[in-house]
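Written out below as structure tokens is the structure these notes cover.
Read-outs throughout are calculated quantities, based only on the coordinates presented, and are distinct from any laboratory measurement. Keep in mind it's a predicted model, so treat the numbers as computed, not measured. A quick note on method: Cβ atoms are made from the backbone with ideal geometry, for glycine too, and the neighbour counts reach across all protein chains shown.
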Amino acid sequence: MKKKLLVLVLAIALVISMAACGSGGSDTSTNDEPATTEDTTDTSSDQPADSGEKLKVGVSMPTKSLQRWNQDGDNLKSQLEAAGYEVDLQYAGDNEIPLQVTQLEDMISGGCKVLVIAAIDSTQLGSPMEQAKEKNIPVIAYDRLIMNSDAVSYYASFDNFKVGEAQGQFIVDALDLENQKGPFNIEMFTGDPADNNVNFFFGGAVSVLQPYIDSGVLKVPSGQTEQAQCATENWNSEKSQARMENLISAQGYGPSKTKLDAVLSSNDSVAQGITNALVGAGYTKDDFPVLTGQDCDVASMKNMLAGLQAMSIFKDTRTLADQTVKMVDAILQGNEPEVNNTEDYDNGTGKIPSYLCDPIPCTLDNYKELLIDSGYYKEDELQ
Ligand code: BGC
């Protein structure tokens with residue numbers, strides 16, 4: 001009811017202002033009403049009336065150095081342009097937080113009507129978030145939830161807990177933990193501690209593995225089981241390689257030394273560093289520990305084909321971009337965006353209405369169907 005009243009008040013205000021200015025295409029960005037999770041539809045009046053002027057959408061990606069964000073950026077740009085919007089797409093160098101902040105401020109002052117943001121650090125966007133709120137610019141948190149800001153209107157992502165659960169379950173099945181006594185040795189890796197998704201990836205995986213750790217079927221010889229101990233700054237492959245090398249020397253892992261049965265990795269860039277370290281320690285496809293990943297990066301798919309990574313998670317960035325474009329479109333047309341989760345993603349200021357796409361485990365058994373037949377990759381890209 002409150003919203004209906006607000007829309008009515010805004011509509012009346014718009015009619016009055018149009019009559020006063022004698023023009024269509026009024027810009028409500030000066031409207032003092034803050035954007036909140038419950039109030040994101042009042043930008044409909046920004047839609048230019050037959051003026052042919054394109055509305056601008058700001059898209060902020062965290063880094064150019066990981067494959068997936070380049071795909072996300074490209075997909076969002078092309079799909080938003082196809083939907084008739086102008087796009088200001090920016091990459092924040094290689095995870096440079098101050099640069100992401102400046103780029104967002106520029107998008108706001110440059111007239112973007114909606115911001116789509118994949119945050120480097122979920123908690124460090126305070127100033128542009130406040131500016132967006134002041135200017136009533138709706139924010140869609142893309143892939144990673146932006147924390148502690150009531151400027152976030154919607155969240156579009158994959159089901160991140162399910163990603164972790166699938167990785168954990170893959171290890172359970174591959175080692176047949178239900179039927180074996182073990183003990184099997186495992187080490188665990190996750191991603192950047194400032195990325196809110198890590199809580200879900202790691203939490204999901206541990207929720208599946210913990211019972212086997214508790215019963216002694218799985219052992220973590222390093223004792224490093226806390227999320228902070230398993231983190232990998234910036235999801236950087238060199239950092240995961242260095243940690244894996246340290247674990248190898250500290251625990252004496254090797255094909256004919258202390259056995260290492262599995263390594264949990266939350267994504268592919270981290271898995272690639274782990275693979276390098278394991279290959280360096282003498283492991284081959286014949287004795288390679290069960291290693292998980294996420295994203296179906298080309299480099300990891302090549303490793304999988306060579307027997308040096310067991311699985312990844314396919315998160316079709318085309319689907320996420322498609323869903324995000326629908327959200328942008330709905331917001332700018334004054335409609336309610338479609339969401340499918342209103343319970344699980346609380347950013348500290350309240351539950352953020354979310355659309356979660358489905359992650360799909362990918363192995364040698366189904367990669368052709370998932371990646372090649374769907375046109376995500378060409379077969380020769382993986383050779
Ligand atoms: C994304 C993953 C990605 C990781 C590193 C996470 O927030 O959800 O898909 O592998 O960041 O870029």
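Only helical runs count toward this figure. For the chain, summing -39,500 (n - 2.57) over DSSP H runs of n ≥ 4 and dividing by all residues gives -12500 deg cm²/dmol at 222 nm. Remark: for residue pairs Lys302/Lys351; Lys162/Lys285; Lys162/Lys351, the C-alpha separation exceeds 30 Å in Lys302/Lys351. For segment 245-301, the convex hull drawn through the C-alpha positions has a volume of 72 cubic angstrom per residue. Based on the Stokes-Einstein relation at 4 °C and a viscosity of 1.567 mPa s, and on the Kirkwood radius from alpha carbon pairs, segment 46-162 is assigned a translational diffusion coefficient of 90 µm²/s. Mean projection of the Cα convex hull over all viewing directions, computed for segment 100-179: 6.2 nm². Think of the chain as a dipole: +1 on every Lys or Arg Cβ, -1 on every Asp or Glu Cβ, centred on the Cα centre; then among Gly126, Asn366, Leu55, Asn366 lies furthest on the positive end. Altogether, the Stokes-Einstein calculation at 37 °C and 0.692 mPa s, with the Kirkwood radius of segment 161-314 over Cα pairs as Rh, returns a diffusion coefficient of 220 µm²/s.
Rounded to the nearest 20, the size of the Cβ-charge dipole of segment 161-314 about its Cα centre is 320 debye, with Lys and Arg at +1 and Asp and Glu at -1. Each eigenvalue of the Cα gyration tensor of segment 146-212, multiplied by 5 and square-rooted, gives one semi-axis; in descending order these are 31, 12, 8 Å.
The alpha-carbon atoms of the chain define a convex hull whose volume equals 134 cubic angstrom per residue.
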